[in-house]
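What follows is a set of notes on a single structure, which appears directly below.
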Amino acid sequence: MIAVLVQADGSRPDLDPLHGRASLRFTDAAGLGEAIPGADALLLWDFFSTALRAAWPRATALRWVHTAAAGVDTLLFDELIESDVVVTNARGTFDRPMAEFALATILARVKRLHELHDRQLARHWRHEETQTLAGQTVLVVGTGSIGRATARLLRAVGMRVRGAGRTARTDDPDFGEVLASGRLVEHVGWADHVVVVAPLTEQTRGLVDAAVLGAMKPTAHLVNLGRGPIVDEHALVDALGGRGIAAASLDVFGVEPLPADHPLWTTPGVAISPHLSGDASGFRDVLARQFVDNAMRFLDGAPLDNVVDKRLGFVPTPSSIPAGTRA
């Protein structure tokens, strides 16, 4: 019987369908080193955990690691990347919730909802016009499944959408035009809203830097739902304080929880949420079912879903892999 080890964060996913087919062991991060010898598979339920790196020398039988997240940046380390261990992720689970959250942040900005709430607290009645979404422009940075769901939803409400990804292309079914993210500074000036949903990789770390922020419209709105280190937070504070851009809606940060003394808390134009854009009600049940489905494939010797290219740092699609690059 194959051993499946679950490194949990205090809660236990419902893995009942696997009983009788696999030996299940549950542990926390501190106990992973003791529990992992002999385990064939590992479910990282706590997707921020880095415990596997420390436990790696004791992973004597490990063949598969699944993380209950779309991003794998906290999981990957050199020994895992170089090994034959297969890594899968939760691609697809968070697509619609994150797309809806992106739309919500844009609506809140366009309809002045944050300002209206502040005026309500101050009991200040002030009439003014708002804007409509129709015709506003959005550049979605990240052309994976989350980016595509976001593009489809924003286009459905009348917004003009382009994508930014690893390679430029035209006639994309969801984005129309995809621009090369490496040339982001040349293209962000087109957008009223820049929505970041890319994974954190060596190519995207610090992608939205001072130069990119400086090239954005003074009226532009930055939305980051991807990973905090994709955006240079110090440059963002400077851009907002110096009226380089108008607003930012941030769900992810370089350090989480965001420290109480961080200037983003009080920077004008910033809306903060605590890394919850993909966490719609019932999402843990969806994550558990997704793992169970893949575990059944693993037990049956069938190909796994959502296999991550460990060097790229995400699940590749044909359009995301440049010619000559290993998939």
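Quick note: the coordinates plus some simple rules give every number you see, no bench work behind them. All values reported here derive from a predicted model rather than from experimental measurement. Cβ atoms come from the backbone with ideal geometry, glycine included; neighbour counts cover every protein chain shown.
Nearest 10 degrees is fine. How inclined is helix 95-110 to the longest principal axis of the chain, computing both from alpha carbons?
20
Given the stretch 85-231, what percent of its DSSP beta bridges are antiparallel, to the nearest 5? Mind showing how you got there, number by number?
Numbers: 2 of 19 bridges.
In the stretch 85-231, DSSP labels about 10 percent of beta bridges as antiparallel.
If you add up the charges near residue 204, with Lys and Arg at +1 and Asp and Glu at -1, over every other residue whose beta carbon is less than 10 angstrom from its beta carbon, what do you get?
Values: positive: 166, 205, 227; negative: 73, 202.
That sum, taken over residues with Cβ under 10 Å, equals +1.
For the chain, give me the percentage of DSSP beta bridges that are antiparallel, rounded to the nearest 5 percent. Could you put the intermediate results ahead of the total?
Numbers: 4 of 46 bridges.
Percent antiparallel among DSSP bridges in the chain is about 10.
May I ask you to order 237-246, 262-271 by the average number of other C-beta atoms within 10 Å around their residues, highest value first? Working shown, then result.
Numbers: 237-246: 16.9, 262-271: 14.9.
Final packing ranking: 237-246, 262-271.
How high is the relative contact order of the stretch 95-272, in percent, counting Cα pairs under 8 Å that sit 6 or more residues apart?
Values: 329 pairs, mean separation 30.3, N = 178.
That works out to 17 percent.
Gaussian network model of the chain, Cα springs within a sub-10 Å range: biggest mean-square fluctuation belongs to which of 307, 223, 194?
Sorting by GNM fluctuation, first place goes to 307.
In a Gaussian network model over the chain where Cα atoms closer than 10 Å are linked, find which of 31, 282, 158 has the largest mean-square fluctuation.
Result for the chain, Cα springs under 10 Å: 282 fluctuates most.
On C-alpha positions alone, give me the angle between the axis of helix 145-156 and the longest principal axis of the chain, in degrees, nearest 10.
Taking Cα atoms only, the helix is inclined about 30 degrees.
Where does each of 159-166, 141-148, 75-82 land if you order them by average Cβ count within 10 Å, highest first?
Values: 159-166: 22.1, 141-148: 25.9, 75-82: 14.9.
Order by mean packing, descending: 141-148, 159-166, 75-82.
Highest GNM mean-square fluctuation, the chain, Cα pairs closer than 10 Å: which of 156, 180, 70?
Highest fluctuation among the options: 156.
Quote the FRET efficiency, to the nearest 0.05, computed for residue 155 versus residue 112 with a Förster distance R0 of 30 Å and r equal to the Cβ-Cβ distance.
On the way: r = 23 Å, r/R0 = 0.77.
Calculated transfer efficiency: 0.80.
At 7 Å along the Cα-to-beta-carbon direction for both residue 137 and residue 171, put a label point, then send me their distance in nm to one decimal.
2.4
Given a cut-off of under 8 Å on Cα pairs at least six residues apart, what relative contact order in percent is computed for the chain?
Relative contact order here is 16 percent.
Using the Cα centre as the reference, give the magnitude of the dipole from point charges on the C-beta atoms of the chain (Lys, Arg: +1; Asp, Glu: -1; all else neutral), rounded to the nearest 20 debye.
Details: 32 positive and 38 negative charges, 140 e Å.
Dipole magnitude for the chain comes out near 680 debye.
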